[in-house]
Amino acid sequence: MDLFADQMESRRLNREPLALRMRPRTLDDFVGQSDLVGPGRFLRRVIEADSLPSLLFFGPPGTGKTTLANIVAHSTGAQFEEMNAVSAGVADIRKAVDKARDRLLRANRRTILFIDEIHRFNKSQQDALLPHVENGTITLIGATTENPYFEVNSPLLSRMRVLRLQALSRQEIVGILQRALNDEARGLATFQARAADEVLGLLSDRAGGDARVALNLLEQMVLMLAAEQAEPAQPIELTREIVETVAIEKFQAYDKKGDNHYDVTSAFIKSMRGSDPDAALHYLARMIEGGEDPRFIARRIIICAAEDVGNADPTALMLAVAAMQAAEMIGWPEARIPIAQAVTYIAAAPKSNAAYLAIDRAMADVRDRECGPVPLHLRDSHYRGAQLLGHGKGYKYPHDYPEGFVNQQYLPEQLADSRYYQPTEHGAEQRLAVLMKQRRQGPQKK
């Protein structure tokens with residue numbers, strides 16, 4: 001019992017979360033991002049040379065943005081200051097800048113200012129940084145999970161080097177977790193906890209590839225099992241069942257307003273357009289699990305049905321509209337069923353964007369060309385005096401002709417030879433292509 005008491009007392013005295021305790025302090029301990037910090041790579045070289053320009057770390061949560069900033073803090077000769085954009089304001093920026101200016105004048109010492117979640121700063125707050133970054137009073141390091149090209153002002157962004165961090169692989173996170181289990185000084189080695197790579201891989205999956213979340217879940221598992229032990233000194237075995245108990249649901253990184261939202265939506269539409277129903281369903285599932293509005297999803301499906309399937313299968317648009325109406329009536333979770341029906345049908349359907357291209361061609365002519373007046377025989381002739389103006393004269397009523405069609409000029413004279421709609425030979429549109437070719441061959445007689 002004394003050993004167990006000593007372990008728990010040690011834990012009580014160290015309240016920092018495991019993810020914080022295990023944060024790497026040198027580049028050699030850092031896991032992932034080899035394109036940035038590998039031997040001879042840009043970031044490693046400027047850190048080791050203590051010659052950092054202003055940087056912006058951009059990437060998913062748990063990929064090492066704040067960790068890299070802390071490595072800079074431990075390796076630079078400059079004064080390292082940090083603030084979080086959630087709680088800081090313009091006054092805090094001015095205070096930090098005043099100290100940096102005084103430090104530079106009195107001691108010729110540079111200041112590196114790290115701002116976490118820099119996308120939280122509004123335009124005026126970002127503008128307050130700009131002149132001091134430009135004149136070298138501070139070297140700015142920002143970190144953001146949001147696309148900086150959407151969230152950071154262009155003038156400030158142009159004075160920073162944007163470095164994109166990639167999501168850690170399953171194998172990399174498993175290595176981080178094993179290191180935490182074996183580390184005696186900062187990790188969980190005193191608990192004698194062990195886990196197979198397969199179990200830690202499941203934990204990585206449940207953490208959504210976020211190393212910070214994975215480490216904190218690991219700590220929760222070990223502490224829970226340690227508290228339940230009848231014999232405290234007994235080794236702890238982490239199993240698949242324990243992971244499923246602690247990490248009940250997978251952590252979702254999907255952000256309905258962030259970069260991930262646009263990337264998943266883009267992949268969803270492109271998978272339907274590319275006739276891959278399995279991929280389309282995968283991205284649909286991501287949006288559903290991320291809490292996306294069913295109306296947003298349904299609108300994208302309707303657009304895809306009209307733009308990418310079009311007249312190759314006109315049923316697709318009707319099904320997409322019906323799916324949206326059904327989703328509005330029943331909501332989640334049942335709305336996934338009619339939406340999935342529409343998605344799979346559209347993905348599997350023959351494709352044609354001829355109607356979409358046709359309207360764009362027609363609109364381009366309207367914007368850019370002198371189109372001329374509506375031909376006289378097509379003008380409205382139902383009001384008094386219209387016939388005196390020649391309106392409707394010479395108009396041929398199609399229903400008076402075989403098959404309800406007669407060749408006559410409908411386009412204005414200046415556009416008489418224009419051909420906007422060019423049907424493909426895909427699906428049902430093939431029949432339209434044949435019919436239109438026949439109709440364009442020559443005039444019919446009554």
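Results, tabulated for the structure shown:
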read-out: Close pairs (6 angstrom Cβ cut-off, 6 or more residues apart or separate chains): without any contact (Cβ under 8 Å) to a residue 24 or more places away in the chain and closer than 16 Å to Thr76 by Cα in segment 36-48, hydrophobic (A, V, I, L, M, F, W, C) and assigned to a loop (DSSP other than H, G, I, E, B) anywhere; value: Arg44/Leu27; Val46/Leu52
read-out: Qualifying residue in segment 96-118 (condition: on the phi > 0 side of the Ramachandran plot and surrounded by 16 or more Cβ atoms within 10 Å (Cβ to Cβ)); value: yes
read-out: Residue check for Phe150: surrounded by fewer than 17 Cβ atoms within 10 Å (Cβ to Cβ), among the aromatic types (Phe, Trp, Tyr) and assigned by TED's automatic domain parsing to the domain that holds Thr63; value: yes
read-out: Set Gly32, Gly64: member being touching a residue at least 60 places away in the same chain (Cβ under 8 Å) and touching a strand residue (DSSP E or B) at 6+ places or on another chain (Cβ under 9 Å); value: Gly64
read-out: Number of positions in segment 166-181 that are buried (at least 22 other Cβ atoms within 10 Å of the Cβ) and either under 30 Å from Leu130 (Cα atoms) or over 20 Å from the mean Cα position of the chain (by Cα) (or both); value: 5
read-out: Restricting segment 243-300 to residues that are touching a Leu at 6+ places or on another chain (Cβ under 8 Å) and of a type in the set (Val, Ile, Thr), the residue that is modelled with the highest pLDDT; value: Ile297
read-out: Test result for Glu237, surrounded by fewer than 19 Cβ atoms within 10 Å (Cβ to Cβ), outside any helix (DSSP H, G or I) and at pLDDT 80 or above; value: yes
read-out: Unmet criterion (only one of (1) at pLDDT below 85; (2) surrounded by 15 or more Cβ atoms within 10 Å (Cβ to Cβ)) for Met83; value: (1)
read-out: Flag for Leu130 being assigned by TED's automatic domain parsing to the domain that holds Thr63 and among the aliphatic types (A, V, I, L, M); value: yes
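The values are calculated or read from the model by the stated rules, or taken from the named source; none is laboratory data. Since the structure is predicted, the reported quantities are computational estimates derived from the model, not experimental observations. No Cβ is skipped: glycine too gets one built from the backbone with ideal geometry, and neighbour counts run over all protein chains shown.
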